[in-house]
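Read the figures in this text as sums done on the coordinates, not as results from a lab. Keep in mind that what you see is a predicted model, and the values were worked out from it rather than measured. Here the Cβ positions follow ideal geometry from the backbone for every residue, glycine too, while neighbour counts run over all protein chains shown.
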Ligand SMILES: [Zn+2]
């Protein structure tokens, strides 16, 4: 594996994108120690490294999440141990390098890179062995490509074939497999054309509404596409649809329409209890897990989140950053689990500020538990006008 050759890291302005941080000597990576979280610094920040540290610290300070029952479940123990094995941490006292972002591949992709000094040991970042490429499509979808160093890539949720094929060509990639999170057409519309063109295996949840020649996946399964170095763990995340799954691999979470940055998916088929359980499972993942959701909804979600939780410093910093990115027509993704735990009201339904806001908004709500608060918050968002 050409780890040493990939001396680069993808980077979202203001929020560290750890993709492609396949840097330096792997033995040194393995020997390095986990980073310690910095002290809480709630001041809004404008630069990448400035942003991530406070948000992680704030996330760390959210002591009530995740609930003990989720923490103790076999599923979460398995996920945590899998991630512990897979993550290789780097840590140093060296100052982070100055970001020098640039768009790779023109305006049709959202992958940004910055160069790192050879020996730079960069705190707060998880080196992934693969590179992440977002392919914008339709009005606000992203199809994700996970590119390995040998030029093969996995395609996540291709709602159409053409944008994917164009991106494969422009990046010189050869697809090895498709992963599908749920049956909606904007996530599955390109499966058959891509399979006809490339003879790809397609992994998908057990749902007859998904087209194509499929290999069905279920909760807890490890998906290893043929000829690929990547392994993805399947997490059942019902709520948006009844058969929705998410995939966790190489420090990244592909969560379709379950978790969005600063929001969550609508409940088309699932109950509030199902969706909250799914979100709790995702929120229990390590802070640095990249959140690769399927839509660019962050600005609208941020407006709602601020209406709910206006005194949340981490949220205000994220909303400011999102505004800057969107004014430049840049992507706000991927986010991170740490940032979402600090900022996303749907992951904070046990936080007193969110509970009080929900009760103030809907005085008919009886908030006897987190599910009631979540259900009322979701109803509020469904009717929210920016
Ligand atoms: Zn959907």
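A few notes on this one:
- Here the relative contact order of region 246-386, from alpha carbon pairs under 8 Å that lie six or more residues apart, stands at 27 percent.
- Size estimate for region 232-386 follows the Kirkwood approach: the inverse of mean 1/r over distinct Cα pairs works out to 15.4 Å.
- Neighbour-count ranking [beta-carbon atoms within 10 angstrom, fewest first] of 187, 361, 182: 361, 187, 182
- Contact order, relative form, for region 137-255: 18 percent (alpha carbon pairs under 8 Å, 6 or more residues apart, mean separation divided by residue count).
- Evaluated at q = 0.30 Å⁻¹: base-10 log I(q)/I(0), Debye formula over Cα of region 249-291: -1.19
- Volume of the Cα convex hull of region 285-345, divided per residue and given in Å³: 76
- Normalising the average separation of contacting C-alpha pairs (under 8 angstrom, six or more residues apart) by the number of residues puts the relative contact order of region 200-277 at 22 percent.
- Largest-first principal axis extents of the Cα set of region 117-255 (Å): 50, 32, 32
- Gain upon complete extension [residue 269, residue 356; 0.36 nm per residue less C-alpha separation]: 28.6 nm
- What separates the Cα centres of region 202-270 and region 316-372 is a distance of 23 Å.
- Region 305-379 shape via C-alpha gyration tensor axes, a/c threshold 1.5: prolate
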